[in-house]
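Note sheet for the following structure.
Values quoted throughout were computed directly from the atomic coordinates according to the rules given, and no laboratory measurement underlies them. The structure displayed is predicted, hence computed values, not measured ones.
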Amino acid sequence: MTDLTIQIIIIVASLLVALGVGLLLRYLLVRRLKKTVLDNWLIQIFGFLIVIPPAIAGIIVASFYIGIPATDLLLYLQLVSPVKINIPNLIWQLALSALIILLAIGVGRTLLKIVTVRTAKEHIGINISILLGRILYTVVLFIAVLLILTIWNIQFGIPAAVISFITVGFTFVLQDLLKNIVAGIYILVEGPFHIGDVISTDVYSGRVEDVQLRATKLRIASGEQVIVPNSMLFTGIVVNKTIYDEKRSTIVITMPLDKYDKEQTVGCILKTIKGVTGVMLKPEPTLTLSGVAGAFGSSTGTVSGYTGEIISLTLRFWIPEGGDALVSEAMLALREALPYADLSIREPLGLL
């Protein structure tokens, strides 16, 4: 076996050993940090950083067996480079800038996680916790940008002037975006609705999945996601369907006038609706007369097509929030009790 072959084997072995040691240290560190409150992004960054020292040690050992010191390799690259730059310094600045960005993202996400958990324990609204977390996240990224500018010896006055110029120009272009952001801050701070609430706007009705600075995400009944600009929620009418523990439902009962008996019919309807399991007895169901009509020899327009006089009754009763299936059960129970009547569900005022 020649000396060259021995050197190659030693170089490969040293690099593999360095990589193996680095990966082992990464495994141990990541497994330990996952038990803490740190965000996974930050954990993976630390896991990457722990691999670097063994890798550098392996490169130094390999370059030593080649016969070229590691410092001479950098000097050689600087000499053959067409642009006269300080390569070691450039590599250091790029590496440090990348490290700062990665750490900033990890720290920001960790702070966002901590704020969300702590505010939940303190019974602070989820909207406030999201706003605080995003503010901290933005502050951390801003500090990271300032540190990177310092590393590259860029005076802050130059980007500040550029930012001022761009801000003035984009203010006119991004008026709608700014309105949405201001409305988003109001929604997050004031909390007229929260994530998980079911709300209705002028166009859509659905469950709130996320409240962002620019828009609010709703999941509508068809399973689709609708993104509503916050300015629409700020200036329009929003109905929060889940802010209370109960809601009222309305069923309109239409029947021939000759089948209606004031005492027996009213008693039968109220007894039937009270017998539906889940319907609230307090407030009590109410039944009111809402219309009387005559057909004069033609159809009244009802489902059954009565040709005589008809009477319409409006039944109102209360059900727990989320108990919409009880309305269907009430309809079936009333159909059994009043087989000759037409039944129709009327949405309460304000709903789509």
Once phi is turned into ³J(HN,Hα) by the Karplus curve 6.51 cos²θ - 1.76 cosθ + 1.60 with θ = phi - 60°, what whole-Hz value does each residue of the stretch 225-232 show in order, with x for glycine and proline? 9, 10, 9, 9, x, 5, 5, 5
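For the stretch 194-256, what is Rg from Cα atoms divided by 2.2 N^0.38 Å, rounded to two decimals?
Numbers: Rg = 14.4 Å, N = 63, 2.2 N^0.38 = 10.6 Å.
Against the compact-globule rule of thumb, the ratio is 1.36.
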Potential lengthening between Lys262 and Ile56 on full extension [0.36 nm per residue; Cα-Cα distance subtracted]: 64.8 nm
Over the Cα atoms of the stretch 166-282, what Rg and Dmax result, in angstrom? 22.2, 77
Log10 I(q)/I(0) at q = 0.14, 0.19, 0.30, 0.32 Å⁻¹ for the stretch 305-346, from Debye over equal alpha-carbon scatterers, is -0.40, -0.67, -1.24, -1.30
Through the Karplus equation 6.51 cos²θ - 1.76 cosθ + 1.60, θ set to phi - 60°, convert the phi angles of the stretch 196-205 into ³J(HN,Hα) values in whole Hz; use x for Gly and Pro. x, 6, 9, 10, 10, 10, 5, 10, 10, 9
